[in-house]
Amino acid sequence: MGKFDNIKISNFDELFSKTKTVAESLNKKGAQAFDMSRKRLDYLDAKAKISKLYEKYGRIQFNVFAGEEIDENELDMLTAQIITYREKLAELKAQLDEVNDTTDLKREAEDLKKEVIIASKEAKEVIKKQVENARNAINSKVSQSSKPYDNAFVEVEVEPEEAEEE
């Protein structure tokens, strides 16, 4: 390979591995937060719908109390819908309770933030070490060279226009 044969690439592999792990963790946490937000919206939607059903049911019951004629099928349909939405609400509430409300999400977000900060610091240290190793390898090759450092080959790019002016 040449000048950089002594430099180990394993630290970069470790850096990329940690970066990948943090990214996967962020993705997983983001998906969980999105899923919980969706479930909260479903729960609120179901609560609003059941509220309207209760209102309709109450009107029909009041009409029965007032001695008016009612459609028994409509009352049965509302009863079935209320039962269905109550079950749906209970299921959604149980799923939301599994997460132990927003305090767990906040705690997980803080933990993830700390992980990212630690991984960033570790990445910075790995990069510093790699730069130091590269510098040491270059200095070692230069000092081992039989030519003095001042006479080392240096490549300089000159534009054709600049060369003509000189």
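Each reported figure results from applying straightforward, stated rules to the coordinates on display, with no laboratory input. A quick note: this is a predicted structure, and the numbers were derived from the prediction, not measured.
Annotations for the structure displayed:
- Relative contact order for the range 18-105: 39 percent, from Cα pairs under 8 Å spaced at least 6 residues apart, divided by residue count.
- Taking 22 Å as the straight-line reach from the Cα of LYS18, the lysines in range (excluding those fewer than 8 positions away in the same chain) are LYS8, LYS28, LYS29, LYS113, LYS114, LYS121, LYS124, LYS128, LYS129.
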